[in-house]
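Read the figures in this text as sums done on the coordinates, not as results from a lab. Since we're looking at a predicted model, the values are computed, not measured. Reconstructed Cβ throughout: ideal geometry from the backbone, glycine too, with neighbour counts over all protein chains shown.
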């Protein structure tokens, strides 16, 4: 369910009719091949060289589904033709890619692409287009990496615009920062929020039989089970996981968050910590009804293609921060076999107690500043810390992160206690996404 299709692009080549046609076509074909071998889904439009070429390309752009337009400049281009072709799509992600110099018999040759791009880049900026600019020849790996980062961000933008987020309950424990302006979110970032009550979980759970989770239970054979964890407890956790999964499937949710405190964790007597940890490798999920958090997780998932987690910010020193939720993390994040314990204070039910595996991670948190969205992003190295827990509670899933930047700078921009976590470093993609969505970025 977490698998994502590769980004899709439509390539619109621009060239000048007075250059040798064979040379121009060779440069276009080399560019298309480089994009395809980079893993992108590529649709090629006809080359725009003269005014009659504009109308067919306009029609194709309107009829094709894509994440981004790549405006490929392989030679000198007359700017009015470029604008006539792309101006109706200036609100869409456009990557201006200019060729530079290529070599034949150790002689550098040019078709005038970069001079044209100098005119076009400023034109796009002056006309308010949502674009980025790259330059280089098709075989340059650094160039292709930049193109892929842009297209991943563009793909995330489109997926966000189509996403549905399930909200079961509302924000827990009076967390102002767990709420969001639904209309502003839908307008600017795109996701729709589908709100239901946690009672939906209770009803679906009670209709789910023990026999329905027997196959799921087989995975517990490799788990490290703590004192008091019984087969009955595990069945309850898997029944709730299956119940939540079926609700998400029925409503077509791309992500979900659930208010656990205190209706489920105390009144019903079954906290969703372990059920959500079980689902975390299948879906984008989190708890406490924190909408900005789950949007942050969804962004990280769209950029990495991987499961996402979150943690509460518990400690900060000169060199690291310590994050850990009160029982949730995808089981694939565990440094070893998942460690499962029973809640002994505060809540009832089972929890994931597994420390995170080491690796490179990105942290992300959506917030609002004077009516405008902002994204706080940081990266660092996840390390195994000493055991950590709240007083009277079992060990939580936790991680120590040695941040790349200054810890105090990070702390002075904290929008809330919850941070989305994903393995890998996607800060550059987040920068691009913020430009495409007109969101303020705070980058530590």
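I'd like the orientation of helix 54-63 relative to the chain: the angle between its Cα long axis and the longest Cα principal axis, in ° from 0 to 90, rounded to 10.
10
Given a cut-off of under 8 Å on Cα pairs at least six residues apart, what relative contact order in percent is computed for segment 163-443?
Normalised by residue count, the contact order of segment 163-443 is 19 percent.
Report the Cα centroid-to-centroid distance between segment 158-232 and segment 339-380 in angstrom, as an integer.
Spelled out, the Cα-based centre of one part sits 15 Å from the other.
Tell me what the chain gives for mean residue ellipticity at 222 nm when only DSSP H runs of n ≥ 4 count, each as -39,500 (n - 2.57), the sum divided by the residue total, rounded to 500 deg cm²/dmol.
The helix contribution divided over the chain gives -10000 deg cm²/dmol.
For segment 163-443, what class follows from the C-alpha gyration tensor (a ≥ b ≥ c being the square roots of its eigenvalues): rounded when a/c is under 1.5, otherwise prolate if a/b is larger than b/c, else oblate?
Details: a/c = 1.80, a/b = 1.28, b/c = 1.41.
Cα axes put segment 163-443 in the oblate bin.
Pop a pseudo-label 7 angstrom from the Cα along the beta-carbon direction at both residue 23 and residue 317 and give the gap in nm to one decimal.
6.2
Kindly rank 78-84, 145-151 from highest to lowest mean number of other beta carbons found within 10 Å of each residue. Intermediate results must be reported in sequence, preceding the final value.
Numbers: 78-84: 16.4, 145-151: 21.9.
Packing order, densest peptide first, comes out as 145-151, 78-84.
What length, rounded to one decimal in nm, is gained on full extension from residue 412 through to residue 137, with 0.36 nm per residue of separation minus their alpha-carbon distance?
Length gained, residue 412 through residue 137: 94.8 nm.
Just order 98-105, 61-68, 152-159, 341-348 by mean Cβ neighbour count inside 10 Å, highest at the front, would you?
So the peptides 98-105, 61-68, 152-159, 341-348, ranked by packing, come out 152-159, 341-348, 61-68, 98-105.
Antiparallel versus total DSSP beta bridges in the chain: what percent is that, nearest 5?
Details: 38 of 78 bridges.
Here the antiparallel bridges make up roughly 50 percent for the chain.
Taking every DSSP beta bridge with both residues inside segment 236-374, roughly what % is antiparallel (nearest 5)?
Percent antiparallel among DSSP bridges in segment 236-374 is about 70.
Roughly what angle does helix 231-251 make with the longest principal axis of the chain, taking Cα atoms, 0 to 90 degrees, to the nearest 10?
Long axis of 231-251 versus the principal axis of the chain: about 40 degrees.
Name the residues of segment 123-151 whose amide N is less than 17 Å from a point 7 angstrom out from the Cα of residue 114 along the C-beta direction?
Under cut-off, by backbone N: 133-144.
At what distance in nm do the modelled label points of residue 222 and residue 3 sit from each other, each positioned 7 Å from its Cα along Cα→Cβ?
Rounded to a tenth, the inter-label distance reads 1.9 nm.
Relative to the first principal axis of the alpha-carbon coordinates of the chain, what is the inclination of helix 141-162, with its axis defined by its Cα atoms, in degrees from 0 to 90 and to the nearest 10?
The angle comes out at about 60 degrees.
Can you tell me which of 42-51, 194-203 comes out highest on packing, and rank the rest after it, using the mean Cβ neighbours within 10 Å?
Highest-to-lowest ranking by the protection proxy: 42-51, 194-203.
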